[in-house]
Structures are given as structure tokens and as C-alpha cells.
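Here is the structure we will look at, set down as C-alpha cells.
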């Protein structure tokens with residue numbers, strides 16, 4: 001699954017100002033819903049928070065991947081947010097999260113959701129890629145970095 005082919009430029013926020021986990025989740029849901037014109041923000045946020053309540057999606061290495069399945073989604077949607085200051089996201093390594101990929105997908109479709117999560121995992125395990133996302137200056141550069149990493153690591 002190539003993230004670079006499914007993520008919209010308007011679904012990328014390189015200047016997230018969230019200070020808390022709750023603010024980060026709200027911001028990420030707003031980015032995603034705005035970019036893909038999903039009107040039921042409340043349902044998406046509720047699904048994301050319910051998934052997060054089960055277990056933190058702060059996977060470590062400065063990364064969090066909030067995700068959920070919801071009836072609001074008709075296909076897989078992905079957005080990205082970056083926080084230079086980082087957010088305490090209850091990550092498994094205890095470190096703040098700086099990079100956030102958020103995904104939603106339909107309840108009855110698992111394939112694309114799982115493939116996207118696996119693809120993100122394969123990309124972000126490479127420190128060079130994570131560092132480049134932290135340092136990138138604009139959305140065009142972000143997309144190019146993801147494309148390059150997909151070609152190298154997927």
C-alpha cells in the first residue's frame with residue numbers, strides 16, 4: 001500500500017499545535033475530515049478515541065498511528081500531522097510523539113487498513129525516514145520523502 005498515492009496534500013499538517021493527546025486527536029480528526037470532506041467529525045472522533053482507550057497507538061520512536069473503523073468511512077482515509085514540540089501520547093517507549101499518521105476505514109473492510117498500518121510500520125522503523133519527516137519544510141517535500149522511502153523500503 002503506497003501512502004503517497006492515497007494521502008491528499010490537504011491531509012498533511014506540518015505545524016500541529018496540539019499540547020495534549022486529546023488536542024492531538026481532535027486536530028488530526030479535523031485535518032482528516034476536512035481534507036476528505038467527511039461531515040460527521042463527531043463520529044470519527046468518537047471511533048478514534050474508543051480505539052485509543054483500548055490501547056495507546058503511540059508506537060514509540062516519536063510516532064503515533066491513531067486508527068479506527070467507522071461507518072462514516074466508505075474507504076481508507078489517511079492524514080498526517082507533525083508536532084515539533086511533541087505530545088505525550090502514552091507511547092510504549094515513554095517518549096513524546098512528533099509524527100502522527102491517522103487512518104479510518106469502513107467497519108467491514110480490513111485489507112487496506114491492515115496494509116496501510118503495515119506500510120507505515122515498515123517505513124517509520126528507519127531512523128533516516130523519521131528524521132527526514134521531522135525536518136521537512138513543506139508538503140511537497142513530505143510527499144517526495146514518502147515516495148522515496150516507499151521505493152526504498154516497500
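None of the figures in this text is laboratory data; all of them are computed from the coordinates on show. What you see is a predicted model, and the numbers here were worked out from it, not measured in a lab. Please note: Cβ atoms are built from the backbone with ideal geometry, for glycine as well, and neighbour counts cover all protein chains shown.
For segment 3-153, averaging the sequence separation of C-alpha pairs within contact (under 8 Å, six or more residues apart) and dividing by the residue count gives a relative contact order of 26 percent. DSSP beta bridges fully contained in the chain are about 55 percent antiparallel. Report summary: the helix-based calculation at 222 nm, which adds -39500 (n - 2.57) for every DSSP H run with n ≥ 4 and divides by the residues of the chain, gives -14500 deg cm²/dmol. Identify which of the listed values of Cα extents along the principal axes in Å was calculated from the structure shown: (i) 36, 30, 24; (ii) 48, 45, 32; (iii) 89, 27, 22. Label (i) holds the value from this structure.
Residue separation of residue 109 and residue 5 scaled by 0.36 nm, minus their Cα-Cα distance, works out to 35.5 nm of gained length. Each peptide among 128-140, 12-24 gets the average number of other Cβ atoms lying within 10 Å of its residues, and from highest to lowest they stand as 12-24, 128-140.
Among 74-80, 2-8, the peptide with the highest mean count of other Cβ atoms within 10 Å heads the list, and the full ranking is 74-80, 2-8. Protection proxy ranking, highest mean first, for peptides 33-40, 92-99: 92-99, 33-40, where packing is the per-residue count of other beta-carbon atoms within 10 Å, averaged. The slack between residue 121 and residue 84, meaning 0.36 nm per residue of separation minus the straight C-alpha distance, is 11.3 nm.
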